[in-house]
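Below you'll find the structure, written out as structure tokens, and then a few comments.
The values are calculated or read from the model by the stated rules, or taken from the named source; none is laboratory data. No experiment lies behind these values; they were computed from the predicted model shown. So basically every Cβ, Gly included, is an ideal-geometry build from the backbone, and we count neighbours across all protein chains shown. For accessibility, only protein heavy atoms count, side chains too; no ligands or nucleic acids. Shrake-Rupley method; radii C 1.70, N 1.55, O 1.52, S 1.80 Å.
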Amino acid sequence: MIQETIVITENAAGEPHVAPMGIHAAGDEFIILPFRPSTTLDNIIETKVATINYTDDVRVFAGCLTNHHDWVLEKAQKISGHTLQNTLAHCEVKLTHIDDDTVRPKLYCQAVHRVNHQPFAGFNRAQFSVLEAAILLSRIDRISPAKINTELEYLYIGFHKTAGVKEKQAWSWITHAIEQKLREKK
Ligand SMILES: Cc1cc2nc3c(=O)[nH]c(=O)nc-3n(C[C@H](O)[C@H](O)[C@H](O)COP(=O)(O)O)c2cc1C
């Protein structure tokens, strides 16, 4: 199964880097698949560790793609790294091996420590809409403007009916960034 998570890595100087990543998860085994070039990739190769953060605050996903980076981090517990404050849960992982590729290497990781911080509060359609819109933004150069607008119109239905304050802020960051990129494309 692929889970949409926030992967936090750090470079050799200890500077953290926060990025949304869809990771493959099977028990204690994870595969992180960054497209080159990627700071996440460089950091994991350098330090051999990462944290996988499970959050329902979709502003973190939207913020990473739109330069809103004000997320409070905490020290990880068993590895040298950071976790998101207010995450529902996190898992600290170590790199076991790499299946290298010029486009999208596979980073095989093993869980070393898991912590549940807060209960899962249930599915929310607006959160789904924000995640899908964020993915559209991250692929904007490869998708036609007509398809982006059609997909946004559909995603807006569930968003509009169910969004709370966090989802509204995240949606606004993403849709403004998409509008700006589409204007630049013209
Ligand atoms: C829900 C979601 C899932 C994503 N999954 C991936 C992924 O699996 N691999 C990837 O390279 N980028 C993914 N992205 C896009 C990255 O987060 C974004 O391009 C980021 O800048 C990654 O590059 P970095 O490691 O240099 O930060 C995803 C974005 C979103 C919103």
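One table, with the values for the structure above:
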quantity	calculated
Lone unmet requirement of (1) within 15 Å of the ligand (Cβ to nearest atom); (2) under 19 Å from Ala134 (Cα atoms) for Asp70	(1)
Qualifying residue in the range 97-116 (condition: without any contact (Cβ under 8 Å) to a residue 60 or more places away in the chain, under 15 Å from the mean Cα position of the chain (by Cα) and open to solvent by less than 70 Å² (accessible area, probe 1.4 Å))	no
Within the range 119-159, tally of residues that are among the aromatic types (Phe, Trp, Tyr), buried (at least 16 other Cβ atoms within 10 Å of the Cβ) and part of a loop (DSSP other than H, G, I, E, B)	0
Selected residue (criterion: farthest from the ligand (Cβ to nearest atom)) from residues of the range 28-61 that are open to solvent by 60 Å² or more (accessible area, probe 1.4 Å) and either under 9 Å from the mean Cα position of the chain (by Cα) or over 28 Å from Gln169 (Cα atoms) (or both)	Asp28
Subset tally (residues that are of a type in the set (Val, Ile, Thr), away from the ligand (no atom under 11 Å from the Cβ) and over 16 Å from Arg183 (Cα atoms)) for the range 123-173	4
Matching residues, the range 12-27, being closer than 19 Å to Leu131 by Cα and open to solvent by 60 Å² or more (accessible area, probe 1.4 Å)	His24
Single residue of the range 1-11 satisfying the filter (under 22 Å from Val130 (Cβ atoms) and open to solvent by 30 Å² or more (accessible area, probe 1.4 Å)) that is modelled with the lowest pLDDT	Met1
Any hit, the range 80-90, residues being within 15 Å of the ligand (Cβ to nearest atom), under 26 Å from Ala170 (Cα atoms), touching a strand residue (DSSP E or B) at 6+ places or on another chain (Cβ under 9 Å) and in a strand (DSSP E or B)	yes
Test for Asp70: is it at pLDDT below 95 and either open to solvent by less than 20 Å² (accessible area, probe 1.4 Å) or not aliphatic (A, V, I, L, M) (or both)	yes
Tally of residues being in contact with a strand residue (DSSP E or B) (Cβ under 7 Å, 6 or more places away or on another chain) and in a loop (DSSP other than H, G, I, E, B) across the range 47-68	2
Scope the range 135-163; condition under 16 Å from Arg59 (Cα atoms), under 20 Å from the mean Cα position of the chain (by Cα) and free of Cβ contacts under 8 Å to residues at least 40 places away in the same chain; matching residues	Ile135, Phe159, Ala163
Residue list for the range 14-27, restricted to those being in contact (Cβ under 8 Å) with a residue 60 or more places away in the chain, more than 6 Å from the ligand (Cβ to nearest atom) and not in a loop (DSSP other than H, G, I, E, B)	Pro16, Val18
